[in-house]
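Here's the structure, in structure tokens; my notes come after.
The values are calculated or read from the model by the stated rules, or taken from the named source; none is laboratory data. Just so it is clear, the model here is predicted, and its values are computed rather than measured. Positions of Cβ are backbone-derived with ideal geometry, glycine not excepted, and every protein chain shown enters the neighbour counts.
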């Protein structure tokens, strides 16, 4: 690597890779370093014994920016779409019931009481004002709708997105569109409809997608495009201002294969989890470093189980199921991978991926991989009428899987961004800023890259 670069990106997850790619496409010699021996962070696809495993995110929503990136990289023809009408299920009183996700299905469903159904109509016809203080997802749902809706529908879907605790998760930070809808229109439903109508871009049906060879296809394409600008097994141990306290040039100390190297950069992008970013910020802004370090993460076990279809009585026709905490299981939910995308399992077999842990059960990560596999099989076997044990199993543990957008998060993040602005040329991107989804990470990292490009061109 040269001794000076216009931009140094630290961390080669999807955010860092996308940022580096956009900068280099703009003609800026951005270099990216990654401490691990592979890029991608939590996005990882593995082929084992004929199964295609997703060890991180199982799929993604095809946002315009994400699809544009795929076309730009020449991998759009590798995309595969899940059946658009694949039903999702909820475990209710020990039985899998189809989740009512449209207004007609909800009001026709026997899963919810007349009181809960009336609360939806009351919101659509009435007026309410959100409290000034930050409100949890659970408190919001009980205030606007009902405890039943929280337990059976909202809570499970919160687990599916954030692996979070709805009693702690901030509505304003985690679901800003919902908060803003009530604030703007005195009704969540009217506000969401108004927001949908005001969007200038053409309507695009959101689709659930992956790639023929797994989500790592996107990572591999970005890494291949970056070529020698991507430096693996290279960690940044320290970042300081170069030469003078008010210098806008930074000096980074790199460690690789037992040696160290110092380079200077006009822009530093921290695209790492918050603990690593906080450590690198210590010498630049102690207060901002402490604010970043305070962000909580939740642990997750991703458990992949392969079964012979002849050992299952359930059709597995659908997306999978989510489990309300009131059902007493430790499994948060299960995705039926081989029902959604082709090539996920050998002929005559099925691949299921379950999740255990999260904010409501952090103790689960103390279990061994064998114990967690046995636990998941024991819990899902009666639900899917599985007669024999799995023919394949894998358990991947992520001690810091997802950032938690808990109460006070928006205020903490705003304060942190104000502090960060005191360090010109320092940028951050990652799943703790605009949301944990693949599309949100890509959108934010493209925005950061564009801001850097504009600052360099000025």
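Among 20, 12, which is part of a helix (DSSP H, G or I), modelled with pLDDT of 95 or more and outside the structural domain of residue 303 (by TED's automatic domain parsing)?
Sole residue among the options that is part of a helix (DSSP H, G or I), modelled with pLDDT of 95 or more and outside the structural domain of residue 303 (by TED's automatic domain parsing): 20.
Look through region 65-91, keep the residues that are part of a loop (DSSP other than H, G, I, E, B) and touching a helix residue (DSSP H, G or I) at 6+ places or on another chain (Cβ under 8 Å), and return whichever of them is surrounded by the fewest Cβ atoms within 10 Å (Cβ to Cβ).
Per the criteria, the residue is 74.
What pairs can you find where one residue is in region 37-53 and on the phi < 0 side of the Ramachandran plot, the other is surrounded by fewer than 20 Cβ atoms within 10 Å (Cβ to Cβ) and part of a loop (DSSP other than H, G, I, E, B), and their Cβ atoms are less than 6 Å apart, with a gap of 6+ or different chains?
37/232; 37/233; 52/343
So which residues in region 147-170 are out of contact with any strand residue (DSSP E or B) (no Cβ under 8 Å at 6 or more places or on another chain) and either surrounded by fewer than 21 Cβ atoms within 10 Å (Cβ to Cβ) or free of Cβ contacts under 8 Å to residues at least 24 places away in the same chain (or both), if there are any at all?
If the condition is that a residue be out of contact with any strand residue (DSSP E or B) (no Cβ under 8 Å at 6 or more places or on another chain) and either surrounded by fewer than 21 Cβ atoms within 10 Å (Cβ to Cβ) or free of Cβ contacts under 8 Å to residues at least 24 places away in the same chain (or both), then 147, 148, 150, 151, 154, 161 are the ones that fit.
In a helix (DSSP H, G or I) and farther than 30 Å from residue 316 by Cβ: which single residue out of 414, 381, 440 fits that description?
Result of the check over 414, 381, 440: 414.
Which of the residues spanning region 97-113 are in a helix (DSSP H, G or I) and surrounded by fewer than 17 Cβ atoms within 10 Å (Cβ to Cβ)?
103, 104, 105, 107, 108
Check whether at least one residue in region 132-145 is loosely packed, with under 13 Cβ neighbours inside 10 Å and modelled with pLDDT under 95, and report yes or no.
Yes, region 132-145 has at least one match.
Pick out the one residue from 94, 56, 62, 41 that is surrounded by 14 or more Cβ atoms within 10 Å (Cβ to Cβ) and farther than 30 Å from residue 237 by Cβ.
So the residue among 94, 56, 62, 41 that is surrounded by 14 or more Cβ atoms within 10 Å (Cβ to Cβ) and farther than 30 Å from residue 237 by Cβ is 62.
Conditions first: (1) under 23 Å from the mean Cα position of the chain (by Cα); (2) outside any loop (DSSP other than H, G, I, E, B); (3) more than 17 Å from residue 293 (Cα to Cα). Residue 393 passes all but one, so which condition is the exception?
Here residue 393 clears every test but (1).
Can you tell me how many residues in region 281-339 are assigned to a strand (DSSP E or B) and under 21 Å from the mean Cα position of the chain (by Cα)? Steps first, answer last, please.
First, the residues of region 281-339 that are assigned to a strand (DSSP E or B): 297-308, 312, 320-322, 331-335.
This time we only want the ones that are under 21 Å from the mean Cα position of the chain (by Cα), so: 297-304, 320-322, 331-335.
Of the residues in region 281-339, 16 are assigned to a strand (DSSP E or B) and under 21 Å from the mean Cα position of the chain (by Cα).
Quick grid of which residues meet (1) out of contact with any strand residue (DSSP E or B) (no Cβ under 7 Å at 6 or more places or on another chain); (2) within 19 Å of residue 297 (Cβ to Cβ); (3) modelled with pLDDT of 95 or more:
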residue	(1), (2), (3)
370	yes, no, yes
403	no, yes, yes
414	yes, no, no
420	no, no, no
435	yes, yes, no
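All but one of (1) free of Cβ contacts under 8 Å to residues at least 60 places away in the same chain; (2) over 16 Å from the mean Cα position of the chain (by Cα) hold for residue 384; state the number of the condition that does not hold.
(1)
(1) farther than 19 Å from residue 324 by Cα; (2) modelled with pLDDT of 95 or more; (3) in a loop (DSSP other than H, G, I, E, B): which one isn't true of residue 118, the others all being true?
Here residue 118 clears every test but (3).
Could you check region 340-357 and list, in sequence order, the residues that are free of Cβ contacts under 8 Å to residues at least 60 places away in the same chain, in contact with a strand residue (DSSP E or B) (Cβ under 8 Å, 6 or more places away or on another chain) and assigned to a loop (DSSP other than H, G, I, E, B)?
We begin by selecting, within region 340-357, every residue free of Cβ contacts under 8 Å to residues at least 60 places away in the same chain; these are 347-348, 350, 352, 354, 356.
Still in the running and in contact with a strand residue (DSSP E or B) (Cβ under 8 Å, 6 or more places away or on another chain): 348, 350, 352, 354, 356.
The one that is free of Cβ contacts under 8 Å to residues at least 60 places away in the same chain, in contact with a strand residue (DSSP E or B) (Cβ under 8 Å, 6 or more places away or on another chain) and assigned to a loop (DSSP other than H, G, I, E, B): 348.
Quick one: is residue 375 more than 30 Å from residue 347 (Cβ to Cβ), over 21 Å from the mean Cα position of the chain (by Cα) and surrounded by 15 or more Cβ atoms within 10 Å (Cβ to Cβ)?
Spelling it out, it is not the case that residue 375 is more than 30 Å from residue 347 (Cβ to Cβ), over 21 Å from the mean Cα position of the chain (by Cα) and surrounded by 15 or more Cβ atoms within 10 Å (Cβ to Cβ).
Only one of these conditions is not met by residue 454: (1) out of contact with any helix residue (DSSP H, G or I) (no Cβ under 9 Å at 6 or more places or on another chain); (2) closer than 26 Å to residue 286 by Cβ. Which number is it?
It fails just one condition, (2).
Identify the residue in region 396-420 that is under 21 Å from the mean Cα position of the chain (by Cα) and more than 20 Å from residue 170 (Cβ to Cβ) and, among all such residues, is surrounded by the fewest Cβ atoms within 10 Å (Cβ to Cβ).
Among those residues, the one meeting the criterion is 399.
Run down 23, 8, 17 and say which single residue is touching a residue at least 60 places away in the same chain (Cβ under 8 Å), within 15 Å of residue 229 (Cα to Cα) and within 18 Å of the chain's Cα centre (by Cα).
Exactly one residue qualifies, and that residue is 17.
Going through region 26-36 one residue at a time, which ones are part of a loop (DSSP other than H, G, I, E, B), touching a residue at least 12 places away in the same chain (Cβ under 8 Å) and more than 22 Å from the chain's Cα centre (by Cα)?
Scanning region 26-36 gives 26, 28, 29.
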